[in-house]
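What follows is a single structure, written as structure tokens, with notes after it.
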Amino acid sequence: MNNSDHNHKFSLTSPLYYVNGIPHIGSAYTTIVADTVARFHRLQGKSVLFITGTDEHGQKIQRTAIEENLDPQIFCDRIVDSYKSLWSKLDIKYDRFSRTTAPGHQQIVNEFFERVWSKEDIYLDRQQGWYCVSCEEFKEERELIENHHCSIHINKQAEWRDEENYFFRLSKYQQHLEELYESQPDFIQPASRRNEILNFVAQGLKDFSISRVNLDWGFPVPVDDKHTIYVWFDALLGYVTALLEPDQEPTLDNALSQWWPINLHLIGKDILRFHAVYWPAMLASAGLPMPKKVFGHGFLTKDGLKMGKTLGNTIDPFDLVDRYGADAVRYYFVKEIELGKDGDFNETRFINVLNNDLADVLGNSLNRTLGMLKKYCQSTIPQLTSADYSSDHPLKSIGMDLGDRVVQAYENLQVSQACEAVLILVRAVNKYIDESAPWKLFKQEQQAEVEQILYAVLESVRLSAYLLSPVIPTTSSKIYQQLGFDWDFNHQEEVQADKDFQIHSEWGKLSTNKTLGKASPVFSKLELSPED
Ligand code: MSP
């Protein structure tokens, strides 16, 4: 692949979610952010591969299926349907849905295992320790709380295990990993999480077990079918299987030929170690190139409290999107939570943010201007361009380099800052309308000034809608349509082209002399509504 190909391609993954239950708000959060990032890259005209999917093997899933009296595969299929339905409700446009029970995955896992085996990086030994089935992870005694309960799944007791397992020689890759973190300084982000991993690795890496006994929901170890491959070893490779074209033979070479290495693994902080330590070491053992970046986002709380089924304060993403719509949910989680930090969900705050930013500020600025355009300009956009405004004009001065700043923010995964930068322009619009009072100028028959004002406002709203379209595609489409573009940001193939991005991300490029139709609200105010 040459360099220009590289700049035109972007591959990213969400985690492959466990199917022990229907999706929760944590999985929705990661997926919304990943979708926003994917949409931003598509908007720039790149070829994007956005992978999401499900992690279906292991003890946790097997036990849940047994509790539900279902065959594990049937149980998984049901839960997968609920993931797909939530992603559709939230306007998530993934390119691949990777299931670890999909045909072809086992061949990929076996081939990978054999590569690592032939490097002599796998050996049989005795594993003793506390195992948290909910984490699917052995825990150090110091990581557990009272009564050997897991600190993440506080109502679950870790189980004592003493068994023979196959181990992966992680310790052999200590130096390799340290060199990776040094030579690719933004491999792990954000910086605070990178430090945590650096400290963890500096303490010395221990080999970890990659097989389980007394478990049959998974793939047998190719060299010893009394053992089942550990669910994480299997799941991480789901990212690789996802790269195969539907009709391609499932070989590692085929899978890796087009899209590898992945540009971004977006995950939550709880599974950073698997992605930033175990995964690169496994890849190094198999002789494969490293992913470009692993970003560990923070955790959500509700009304300031840790969420959990036992606490009874979970947020149901289906209910939220049914009551308030996809754009509202997407906007809140992207804009109100700084990616990388923990963030809170509070329903009153949710409503206030949405009503303020999208209804009062963004929606209203378009609505009132289209009203004036009708009255003062027969609904025709004045024939002006950026060149007709001085660079200290209150809106042009903000809009001029806004596209560049927002691109920078999205590229650095500062998605909240990207929204905030746009909001500065939209807030300035309302202030500018009030201060320049085009209604007065119209009465004084200052038509040229009136046109100057209205064009500047419409162009600022258009630019804002364009730059926010990865976050609020439906609202942005409504704005674009009212400004005379036959666009739907949910059908990015129609929008996508390098040329379009250059034009549409700049202030003062709105094609002029269009006659616009009737204004209608682009975002209706939300009201606090009872949960189901
Ligand atoms: N199956 C593994 C991932 C394998 S990837 C090869 C897994 N699945 S999960 O379903 O448990 O992951 C859920 C995702 O949701 C993780 O990124 C996790 O960090 C995230 N969240 C779970 N609870 C969360 C919050 N309360 N807040 C934000 N995200 C949280 O792990």
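Could you state how much accessible area C377 has, in square angstrom rounded to the nearest 10, with a 1.4 Å probe and all protein chains kept in place?
Roll a 1.4 Å probe over it and C377 shows about 10 Å².
State to the nearest 20 debye the size of the charge dipole of the chain about its Cα centre, where the only charges are +1 on K and R beta carbons and -1 on D and E beta carbons.
Values: 54 positive and 75 negative charges, 300 e Å.
In total the dipole reaches around 1440 debye.
Quick check: with the 1.4 Å probe, what order do Y480, Y123 take by accessible area, largest first?
Putting Y480, Y123 in descending order of accessible area: Y123, Y480.
Using the basic label-point model (7 angstrom from Cα toward the beta carbon), what is the T314 to I424 distance in nanometres?
4.0
Of the options V415, M282, P438, report the single residue whose Cα projects farthest towards the positive end of the charge dipole of the chain (beta-carbon charges: Lys, Arg +1; Asp, Glu -1).
My answer, from the dipole projection, is P438.
Among A34, L205, I424, whose Cα projects farthest towards the positive end of the dipole of the chain, with charges put on the beta-carbon of Lys, Arg (+1) and Asp, Glu (-1)?
So the residue furthest toward the plus end is I424.
Enumerate the residues in region 25-57 having an amide nitrogen under 13 Å from the point lying 7 Å beyond the Cα of K292 toward its Cβ.
Within reach of a label on K292, which here means backbone N under 13 Å from a point 7 Å along Cα→Cβ, region 25-57 contributes 38, 41-42, 46-50.
What is the distance, in nm, between label points placed 7 Å from the Cα along the Cα-to-Cβ direction at D225 and at F299?
Placing both labels 7 Å along Cα→Cβ, they lie 4.2 nm apart.
Could you order K525, K443 so the one with the most accessible surface comes first? Probe is 1.4 Å.
So, going from the largest accessible area down, we get K443, K525.
Consider a paramagnetic label point 7 Å from the Cα of R63 along Cα→Cβ; state which residues of region 192-215 have an amide N under 19 Å from it.
209-215
So how do 285-295, 171-181 stack up, highest first, on mean other-Cβ count within 10 Å?
So the peptides 285-295, 171-181, ranked by packing, come out 285-295, 171-181.
If you roll a 1.4 Å probe over the heavy atoms of the protein chains, what accessible area per residue do you get for the chain, in Å²?
So the chain comes to 42 Å² accessible per residue, rounded to a whole number.
Rounded, prolate or oblate for the chain? Axes are the square roots of the Cα gyration tensor eigenvalues, ordered a ≥ b ≥ c, and the cut-off for rounded is a/c under 1.5.
prolate
Just to verify a number: what accessible area does K302 come out at with the full protein assembly present, 1.4 Å probe, Å² rounded to tens?
Number for this one is 40 Å².
To the nearest 20 Debye, how big is the dipole of region 442-532 about its Cα centre, given +1 on the beta carbon of each Lys and Arg and -1 on that of each Asp and Glu? Mind showing how you got there, number by number?
Details: 8 positive and 14 negative charges, 66 e Å.
That gives a dipole near 320 debye.
Using the Karplus curve 6.51 cos²θ - 1.76 cosθ + 1.60 with θ = phi - 60°, work out ³J(HN,Hα) for each residue of region 281-295 in order, rounded to whole Hz, and write x for Gly and Pro.
5, 4, 5, 4, 4, 7, x, 10, x, 7, x, 7, 8, 10, 10
What FRET efficiency would be calculated for the residue pair L144, E494, taking the C-beta separation as r and a Förster radius of 35 Å, to the nearest 0.05? Walk me through the intermediate numbers first.
On the way: r = 53 Å, r/R0 = 1.52.
With a Förster radius of 35 Å, E is 0.10.
Taking 25 Å as R0, compute the FRET efficiency from the Cβ-Cβ separation of D360 and T380 and round it to 0.05.
Values: r = 27 Å, r/R0 = 1.08.
With a Förster radius of 25 Å, E is 0.40.
Which one, T380, I271, T348, is farthest towards the positive end of the dipole of region 269-392 when Lys and Arg carry +1 and Asp and Glu -1 on their Cβ?
I271
For every helix of n ≥ 4 consecutive DSSP H residues, a contribution of -39,500 (n - 2.57) applies; sum these over the chain, divide by its total residues, and give [θ] at 222 nm rounded to the nearest 500 deg cm²/dmol. All intermediate terms of the calculation are to be shown ahead of the outcome.
On the way: 23 runs with 234 residues, N = 532.
-13000 deg cm²/dmol, from helical runs alone.
Could you tell me which helices of the chain pass both thresholds, a Cα extent of 24 Å or more along their own axis and a mean Kyte-Doolittle hydropathy of at least 0.5, with helices taken as whole DSSP H runs? Walk me through the intermediate numbers first.
Numbers: long enough: 25-43 (26 Å, 0.48); 72-89 (26 Å, -0.37); 415-436 (32 Å, 0.57); 447-468 (31 Å, 0.70).
Passing helices, by number: 415-436, 447-468.
What does the C-alpha gyration tensor say about the overall shape of region 347-504? Classify as rounded when a/c is under 1.5, otherwise prolate if a/b is larger than b/c, or oblate.
Judged from the Cα gyration tensor, region 347-504 comes out prolate (a/c at least 1.5, a/b above b/c).
How far, in nm, would the chain grow between L198 and Q481 when pulled straight, counting 0.36 nm per residue and subtracting the alpha carbon separation?
Numbers: separation 283, 0.36 × 283 = 101.88 nm, distance 4.92 nm.
Roughly 97.0 nm would be gained on extension.
Dipole of region 347-504, Cα-centred, from +1 at each Lys and Arg C-beta and -1 at each Asp and Glu C-beta, to the nearest 20 debye?
For this selection, approximately 560 debye.
For the cross-link pairs K89/K306; K139/K269; K306/K341; K139/K341; K375/K525; K139/K293, which exceed 23 Å when the distance is taken from alpha carbon to alpha carbon?
K89/K306; K139/K341; K375/K525; K139/K293
Once amide H atoms are built 1.01 Å from N in the peptide plane, which residues 5 or more positions from L124, or in another chain, come under 5 Å H to H?
So L124 has HN proximity to F167.
Find how much the distance from N412 to N352 grows on full extension, using 0.36 nm per residue of separation minus their present alpha carbon separation; answer in nm with one decimal.
Roughly 18.8 nm would be gained on extension.
Ignoring ligands and nucleic acids, what accessible area does T385 show with a 1.4 Å probe (Å², nearest 10)?
Approximately 70 Å² for this residue.
What is the spin-label model distance, in nm, from S524 to E120 if the labels are put 7 Å beyond Cα along the C-beta direction?
7.0
Sort I315, I22 by accessible area with a 1.4 Å probe, largest first.
Sorted descending by solvent-accessible area, the residues read I22, I315.
The values are calculated or read from the model by the stated rules, or taken from the named source; none is laboratory data. The model shown is predicted, which means the values in this text are computed figures rather than measured ones. Cβ sites come from the backbone with ideal geometry, for glycine too, and all protein chains shown count toward neighbours. Areas reflect the complete protein model, heavy atoms only, side chains present, ligands, DNA and RNA absent. Shrake-Rupley method; radii C 1.70, N 1.55, O 1.52, S 1.80 Å.
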